[in-house]
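Here is the structure we will look at, set down as structure tokens.
The values are calculated or read from the model by the stated rules, or taken from the named source; none is laboratory data. Just so it is clear, the structure is predicted and the values come from calculations on it, not from any experiment. When we count neighbours, we look across all protein chains shown, and the Cβ atoms used for this are built from the backbone with ideal geometry, even at glycine. Side chains included, ligands, DNA and RNA excluded: accessible areas come from the protein's heavy atoms. Shrake-Rupley method; radii C 1.70, N 1.55, O 1.52, S 1.80 Å.
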Amino acid sequence: MPGQDRRIRRSQRLLREALVALIPEKGYDRITVQDILDRADVGRSTFYTHYRDKDDLLLAGFDDLRADLQRDLDALKPGVPPHPTSPTGVIFAHAYRHRDLYLALCGRRGGTVAQRHLHGLVSGLLRDHLRPHIEAAGSDLPVDIAAAFYTSAALGLLTWWVDQDFRPGPAALAGVYQRLAAPGLLTALIPPASEPPPAVGG
């Protein structure tokens, strides 16, 4: 029923918003389901109809975050191969538009569960973006290693940025990331040199 669907979506949104608001206040590890219910003004039975626990609620939010980021990535100049580092600019712009969410995920009180899942999300997006660049270049660089390296760099910079109250702006931060990351990545995309010919004679 449309009315019931709207009520379900509203309850889920209120629960996610309550969790995001509580993380900077209490720290993720100290939040209880009752804290979330009190903040959202949602009943316990409604919560457990949709989620097993607060971790399940957090993960459901990551599904929405992944879909949102993927839409932004898909909008990168259709038909023009984007620069290998361009997804990080999309991520920084998204973080700036949703500062409360990223403060909860990347801030000091986000907890290891939030940080681990954010790392997995960003790593997956970067891996999917880097794979065609690496394959087109004929590079022997393993895509999983490249994605892990550049994810750690992006999230390290993102965490620093959150602590700086999102200053400088996202475009400036993306420029810094590109200056730091692009030279190494573009060098890594160069195909491996062929083996030198064997020496003649003794």
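Odds and ends about this structure:
- Where only DSSP H runs of four or more residues are counted, the chain gives -24500 deg cm²/dmol as its mean residue ellipticity at 222 nm, each run worth -39500 (n - 2.57).
- Over the chain - Rg/Rh using Cα atoms and the Kirkwood inverse-distance radius: 1.11
- DSSP H segments from the chain that extend 15 Å or more along their own axis, Cα-based, with Kyte-Doolittle mean of 1.0 or above: 143-163
- Sulfur and carbon atoms: percent of accessible area, the range 19-178 [1.4 Å]: 54
- Per residue, the chain exposes 57 Å² of solvent-accessible protein surface, assessed with a 1.4 angstrom probe and all protein chains in place.
- Here the chain is assigned +1 on the Cβ of each Lys and Arg and -1 on the Cβ of each Asp and Glu. Its dipole about the Cα centre then comes out at about 600 debye.
- C-alpha center-to-center spacing [the range 97-156, the range 17-61] in angstrom: 25
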